Structures are given as C-alpha cells and as structure tokens.
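Contents: one structure, followed by commentary.
The values are calculated or read from the model by the stated rules, or taken from the named source; none is laboratory data. All values derive from a computational prediction rather than experimental measurement. Note that we place each Cβ from the backbone using ideal geometry, even for glycine, and neighbour counts take in every protein chain shown.
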Amino acid sequence: MRVAVIGASKEGMELAKLLHDRGHEVVIIDDRRDRVEQIQSETDIAVFHGSLTSLRVYEEARVYKADIVIAAHENDDSNIIACVFAKSRQVPRVIALVNTEDVAKLLRDLHLAEVVVVRTQEITRDLLDAIMGLRSIDIERDTIVTVIDTVVHNKLLGNRINEIESRYQNIKVLAVVDENGELLEPSKVDEIKPGMKLVVIGSRNSIGDLLGIGI
C-alpha cells in the first residue's frame, strides 16, 4: 500500500515510521527544509520539500497515486489544503490530525477526511491499526468533489465565489488553483479569472446545473 504523509510532525513521523516498518511504501512531504534534511539523514523514507500550498510538490511526490493520505502538519491550514488535494484526486482514504475540534468538524462536514483525530488524543499503535482497518471512504450518495477547469467551463469567468455559492446553495468552493498552480483561499479571490481551477463539493445535480451538463 502507498501512503503519503503530509507534514513531518511528531505524530506524522511516528505513523510514517510504523507504516514503513510494516512494509508499506511511504512518502513524506514537508515545507521545512531542515526537517526534510533531518529525515533524509535518519531514515530511508522518501521525502519531498516544497510549499504545501503549491500543487507542484504534490505532483512531484505522486500523491495522487496514494492509497491513503495522512495530513499531519502542525498547521491546520496546510492540513485542510492537503485534504482538498487528496479528495480532488480521488485518493481512497484521507486521514487528518488536527489541532482543534472546529477544524475537525469542518473536515467531517465537508467530507474531506475519512478519519479526523484531534491532537489532544493520544496517537498510538491501536489508532494506527484502526486506521488501516477502515473501509473505503463513505461519502453521501449524492455528494461529489470535483475540479472545474475554467478553460473548459469559461462561463464561470468574471463571477465571484460567493455569487456562485449563493446561486447554487448545495455547492461549496473549497479552494481555487490559479494559472500558476498555486492554491488560493476562496475568500481571497475577487473574481474567477482565465486559467483558474475550482475545487468544488456539492450535490451531483447542483454541480451539473452549474456546468450546464448532466452528471
């Protein structure tokens, strides 16, 4: 099984080493060069350095080929972005280790993670066993996560994110990828511009209505 650990936190490294010792293929991504260099010197686990808000490092590490993604960074913004990327690439299992119940609730409500653990809870081998024994993710039947390319669906150009969400009430824009491949927070996007991609969650009917197609 291929596992991608996003964030070389204490808990992330513990899980990565346990999985690696059990014979699984593990890759780690972190945005701190000193942490990456330390991992390279102490283990033979594959590790990649890069900004966690850039799609490039996820593509370079082939996170889209993972069977499971574990978002374990100390920064919850990075964990949310990692979960969004994993879901947009249809990674079968997504697990997040977060700092607050509010973030945990957000990830659960948006179906961005199969398992969410708050850091106040102890990370043990029993938790690892529970994680590895889970079934594939169970999203509500009518809910999907998709990436909308504005090159193809150019009728969205010039719209504001809040206008789209107001017009289609069962749709939520989770993230925006600009023409340079950088992930942006939807609240910071004034209007949708050429080359942007939208990471969207919603009902099949609502997304179909948005795109003018049946899905």
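In the list 10, 17, 65, which residue meets the criterion of being basic (Lys, Arg) and under 14 Å from the mean Cα position of the chain (by Cα)? Even if it seems obvious, please write down each step before you answer.
On the way: 10 fails: under 14 Å from the mean Cα position of the chain (by Cα); 17 fails: under 14 Å from the mean Cα position of the chain (by Cα).
Step by step, each of 10, 17, 65 is checked, and only 65 is basic (Lys, Arg) and under 14 Å from the mean Cα position of the chain (by Cα).
Residues of segment 1-31 that are charged (D, E, K, R), touching a strand residue (DSSP E or B) at 6+ places or on another chain (Cβ under 8 Å) and within 18 Å of residue 78 (Cβ to Cβ): 11, 30, 31. As a summary of the residue check, residue 116 satisfies the conditions (1) at pLDDT 90 or above; (2) in contact with a Lys or Arg (Cβ under 7 Å, 6 or more places away or on another chain) except for the one numbered (1).
Among residues belonging to segment 177-190 that are part of a loop (DSSP other than H, G, I, E, B) and modelled with pLDDT under 80, point out the one that is farthest from the chain's Cα centre (by Cα). So that I can check it myself, show each step before the final result.
First pass over segment 177-190, keeping only residues part of a loop (DSSP other than H, G, I, E, B): 178-181, 185, 189-190.
Add one more test, that the residue is modelled with pLDDT under 80, and what stays is 181, 185.
Details: 181: 15, 185: 13 Å.
If we take residues in segment 177-190 being part of a loop (DSSP other than H, G, I, E, B) and modelled with pLDDT under 80, then 181 is farthest from the chain's Cα centre (by Cα).
For segment 191-212, a residue qualifies if it is more than 15 Å from the chain's Cα centre (by Cα) and farther than 16 Å from residue 155 by Cα, and the qualifying residues are 202, 203, 204, 205.
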